[in-house]
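See below for the structure under consideration.
What follows is calculated from the coordinates using simple rules that are stated; it is not laboratory data. The structure displayed is predicted, hence computed values, not measured ones. Positions of Cβ are generated from backbone atoms using ideal geometry, with glycine treated the same way; all protein chains shown enter the neighbour counts.
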């Protein structure tokens, strides 16, 4: 059943190639038709020259036609290969876009639970493994399905015995290839899994190279990487052994068929056997002998590329095992997915119903909390470190698992598509990630279509220009992966500049001023409060200067949210079980 689904998925991808894919299948078959014409002309020329002693001058015209036919065959085959390559590239490009869009649409929890190296291998290596199937195997399969039967049908009126030899020996080749193919499929599955593990391991170790060096683990990891590489080598060689076995089977039966035709034609020309109503002519015998290897050539080509099919199925199985459905199908099956609306964001309501949260160690953060915030409310969550403030904010951003229900604008958090949620909800964590690129590029991540003027305004608002102007290239100064080259406070301001480019209805912040000095903190807070007017905002913070400027302040105590009597008051608190 899984194999049938893989076949259907592969053919569905191939249909996306359009006319290029159809030409890639059709042109080699047309070239096979020209082969019959070319072979007949060659046999005729040789017969007339040898048996009838026709002078060379009289044979120039058929020779010219024969050469023209050969050139036409070469042109058709070349065009077919070009179309197959371009069709394969188009399919791979489309599939990579679909996979990337699917990965981007998945929740951060899903992505964080998987090795980034393994996911990148899916998009790069596993998709690349489909190339042989579309560029070589499918055209070879169609040729193998049509041309041998067509060639045998052409032979039948000329000599029934030769046609019978072809019809008897040719079907044996696919049978034994299928037997070898079962082993090749299992070996390819194992190879694809080993490749994914190796790529994921390599990527993760490369990322943590400094840490491994500091702890003296580089030698052990080098040995482990060598062992994983050796495992992949062994599995790859196993696939190649099976591929060579299938080719050997084909060559054996093809040699038997050609030898049988040659023996029959030779004995018939010598008059030692008489299986025909009329004697076998030299022209017919030459035609049969020249065509004999060509009958098996499509099957030989199919055997050469048969392992491409196994590799493609193994790659597709690995992709489906990791991410399941993708592309349009994945979007169509997303539960209650809401359509992204192109309209200005409105302040959102937030309601927690029976919400319970635990940390990765099993510690209870919240227990059965009922709470609601109205539109445009600014809320601070305070408490000592490690009590779960960040966990709560991340849960509202759908970046943590939870039990109970979180509703935004009256809709369950699960009902929002990833695209709409990320458009309407802005989240900045304690350690915002900066990518390798310029400062302006990192700000532009907040809105990729933002113009230079908008980026400048956002940078000025977040006080990024204050330190960027002192750099030689200003906002065009490059930074390393993870914000290498910037301090924690500077990276925090770049993240806030991203926020100022957007138009969210709900702002979720986790310690937004933790790395800022007091004077910079006051200025950034002022800009943040101006930006958040008319928007709902929830902030997890230690800073009393920030908490006191919020509409409501809650503290996490014994798994419950406790509201201070007033935002500016640090006295007794009362437990909340109702709406705020």
* Report the FRET efficiency, 1/(1 + (r/R0)^6), for residue 75 and residue 321, where r is their Cβ-Cβ distance and R0 is 41 Å, rounded to 0.05. => 0.45
* So between residue 54 and residue 224, what do we pick up on full extension, going 0.36 nm a residue minus the alpha carbon distance? -> 53.8 nm
* Report, for the chain, the % of DSSP beta bridges that are antiparallel, rounded to 5. => 55
* Multiply the residue separation of residue 63 and residue 533 by 0.36 nm, subtract the distance between their alpha-carbon atoms, and state the gained length in nm to one decimal. => 160.5 nm
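Could you order the peptides 376-387, 500-511 from most to least packed, using the average number of other C-beta atoms within 10 Å per residue? Could the numbers behind the result be given before it?
Numbers: 376-387: 17.8, 500-511: 21.6.
Listed from highest to lowest mean packing, they are 500-511, 376-387.
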* **Angle in degrees between helix 19-50 and the longest Cα principal axis of the chain, rounded to the nearest 10** => 20
* Contour excess over end-to-end distance, with Cα ends at residue 471 and residue 94 and 0.36 nm allotted per residue -> 131.6 nm
* **Label-point separation, residue 26 to residue 85 (7 Å along Cα→Cβ), nm** => 2.2
* Structure fact -> Relative to the chain, whose Cα atoms define the longest principal axis, helix 160-169 and its Cα axis are tilted in degrees, nearest 10, by 30
* Asked: Can you give the convex hull volume per residue for the Cα atoms of the stretch 350-575, as a whole number of Å³?
  -> 121
* Measure off 7 Å from each Cα along the Cα-to-Cβ vector at residue 460 and residue 414, then give the distance between these two points in nanometres to one decimal. => 4.7
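If we count other beta carbons within 10 Å of each Cβ, what is the order of 487, 236, 88, fewest first? Before the final figure, lay out the partial values.
Numbers: 487 11, 236 16, 88 24.
Placing the least packed residue first, the sequence is 487, 236, 88.
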* Asked: Taking the Cα atoms only, what angle lies between the long axis of helix 2-15 and the longest principal axis of the chain, rounded to 10 degrees?
  -> 90
* Relative packing of peptides 407-416, 435-444 - highest average C-beta neighbours within 10 Å first -> 435-444, 407-416
* P(r) for the chain: what percent of alpha-carbon pairs falls in each 20 Å bin, starting at zero? -> 16, 35, 25, 15, 8, 1
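Could you compute the FRET efficiency for residue 237 and residue 214, with r as their C-beta to C-beta distance and R0 at 45 Å, rounded to 0.05?
On the way: r = 37 Å, r/R0 = 0.82.
That pair, residue 237 with residue 214, gives E of 0.75.
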* So what's the gap between the Cα centers of the stretch 397-420 and the stretch 214-274, to the nearest angstrom? -> 54
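Considering Cα pairs under 8 angstrom that are at least six residues apart, work out the relative contact order of the chain and quote it in whole percent.
Working: 843 pairs, mean separation 83.3, N = 580.
14 percent.
Based on the mean of other beta carbon atoms within 10 Å per residue, what is the order of 220-230, 451-461, 417-427, 133-143, most packed first?
Details: 220-230: 12.5, 451-461: 17.3, 417-427: 19.2, 133-143: 22.5.
So the peptides 220-230, 451-461, 417-427, 133-143, ranked by packing, come out 133-143, 417-427, 451-461, 220-230.
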* Please report the relative contact order for the stretch 350-575, taking Cα pairs under 8 Å with a sequence separation of at least 6, and give it as a percent rounded to a whole number. => 28
* **Cα centroid separation, the stretch 440-461 to the stretch 18-46 (Å)** => 58
* Structure fact -> Under the helix-only model (-39500 (n - 2.57) for each DSSP H run of 4 or more, divided by the residues of the chain), the mean residue ellipticity at 222 nm, to 500 deg cm²/dmol, is -19500 deg cm²/dmol
